[in-house]
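The values are calculated or read from the model by the stated rules, or taken from the named source; none is laboratory data. Remember, predicted model here, so these are calculated numbers, not experimental data. Positions of Cβ are backbone-derived with ideal geometry, glycine not excepted, and every protein chain shown enters the neighbour counts. For accessibility, only protein heavy atoms count, side chains too; no ligands or nucleic acids. Shrake-Rupley method; radii C 1.70, N 1.55, O 1.52, S 1.80 Å.
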Amino acid sequence: MDLSLQQIIDGIHPISQSFADKARERTAQLVMPPRALGRLHEISERLCGIQNTLKPAIRRKAILVMAGDHGIVEEGVSAYPQAVTGAMIQTFLGGGAGINAISRHIGAEVWVADLGIVPEIDAAALKNGDRLLVRKVARGTKNFARGPAMTAEEALRSVLTGFELASQLIRKGVDLLGTGDMGIGNTTPSAAIGACLTGRSLEEMVGRGTGVDDSGLSRKREAIRRGLDVNRPDPRSGLDVLAKIGGFEIGGIAGMVLAGAYHRKPVVIDGFISTAGVLIAQALCPAVTGFLFAGHCSEEPGHRHMLEQLNLEPILNLAMRLGEGTGGALAMNVIEAAAKVITEVMTFQEAGVPDKQ
């Protein structure tokens with residue numbers, strides 16, 4: 001059954017504080033000094049609150065890479081040509097990208113969703129073409145330095161599409177989702193969203209993305225400044241911000257986050273672009289943040305400001321800035337370990353070990 005955005009939001013409820021508290025009580029009895037495994041305990045307790053159980057389990061993991069192209073590349077904001085977006089999608093399907101290597105290591109599936117890239121890719125003609133989910137909203141956004149990136153209807157459609165694609169994976173048994181992204185130029189709308197929704201300056205929020213030089217960085221900041229001035233996005237409305245300065249894949253990520261919260265499944269968010277999507281989702285429904293784990297802190301300078309706004313502490317900090325879902329994927333092993341700690345480590349009483357005096 002297709003749900004409206006309001007029905008989705010109305011169906012999202014905070015994580016269970018009761019189960020989180022019970023999990024904390026068990027953690028206090030584990031056969032080790034108090035909270036000796038540090039943040040693994042907090043992660044495990046939040047998993048209990050998300051899944052409404054004291055025996056959290058992660059059986060099937062998937063990374064959903066949302067892809068879209070961006071009209072803002074006309075402003076010279078990227079070091080790479082737009083054609084790279086479509087070429088990288090084929091690399092994902094062929095198993096040769098960074099996210100593929102890491103996902104094989106952790107045992108996660110990789111799915112790719114075309115929410116709005118410029119080229120038409122024939123999935124049937126490609127290896128693993130069944131892993132490409134073509135749900136094109138349009139062939140790239142408009143140049144938001146000169147007007148809205150998309151219509152309000154397109155913004156809503158991108159969010160609802162992301163929700164449905166993630167929901168389909170959850171219905172197939174995925175219980176830990178990771179966000180991924182692909183789209184040349186997408187650090188520019190992400191920085192614009194970050195500046196709008198965190199209140200940070202462009203100097204704090206805008207970085208070099210794919211590696212632009214000093215003149216490229218100046219062009220990028222100026223393009224965002226013009227886009228914010230021209231469009232005047234309303235920070236009180238996540239959909240308005242998305243429509244005016246966002247991207248289709250960013251909307252898809254927002255929908256994916258809403259799906260995790262709606263179905264009470266944890267979602268591991270990746271870096272700068274993924275977190276822009278989370279900021280949109282939070283503006284729509286603040287309760288979503290309880291279901292999220294920040295996989296890592298990106299080298300893109302604005303990312304840490306986004307995470308502060310969301311009150312999320314990154315699990316890893318490895319100086320990564322690739323995107324694709326790579327940092328979030330790596331953190332999945334840590335989250336799995338946390339689930340095993342609370343379910344497999346004995347209490348002092350169970351182990352017959354004397355507790356401290």
Among (1) more than 30 Å from Gln29 (Cβ to Cβ); (2) in a loop (DSSP other than H, G, I, E, B); (3) out of contact with any Gly (no Cβ under 8 Å at 6 or more places or on another chain) - the single one Glu308 does not satisfy: (2)
If you check Thr289 against the conditions, is it under 21 Å from Val159 (Cβ atoms) and either open to solvent by 10 Å² or more (accessible area, probe 1.4 Å) or modelled with pLDDT under 95 (or both)? yes
Are any residues in segment 51-104 within 21 Å of Lys220 (Cα to Cα) and not aliphatic (A, V, I, L, M), and if so, which ones? Gly68, Asp69, His70, Gly71, Glu74, Glu75, Gly76, Ser78, Tyr80, Pro81, Gln82, Thr85
Would you point out which residue out of Ile273, Ile250 is within 17 Å of the chain's Cα centre (by Cα), open to solvent by 10 Å² or more (accessible area, probe 1.4 Å) and under 16 Å from Ile72 (Cα atoms)? Ile273
Gly323 vs. criteria under 24 Å from Lys244 (Cβ atoms), crowded, with 16+ Cβ neighbours inside 10 Å and under 12 Å from the mean Cα position of the chain (by Cα): yes
Leading residue by the ranking (most open to solvent (accessible area, probe 1.4 Å)) among those in segment 60-90 that are touching a strand residue (DSSP E or B) at 6+ places or on another chain (Cβ under 7 Å) and part of a helix (DSSP H, G or I): Met88
Report whether or not Asp214 is open to solvent by 10 Å² or more (accessible area, probe 1.4 Å), out of contact with any Leu (no Cβ under 9 Å at 6 or more places or on another chain), modelled with pLDDT of 95 or more and of a type in the set (D, E, K, R). no
So, in segment 1-33, how many residues would count as being in contact with a helix residue (DSSP H, G or I) (Cβ under 6 Å, 6 or more places away or on another chain), open to solvent by 60 Å² or more (accessible area, probe 1.4 Å) and part of a helix (DSSP H, G or I)? 1
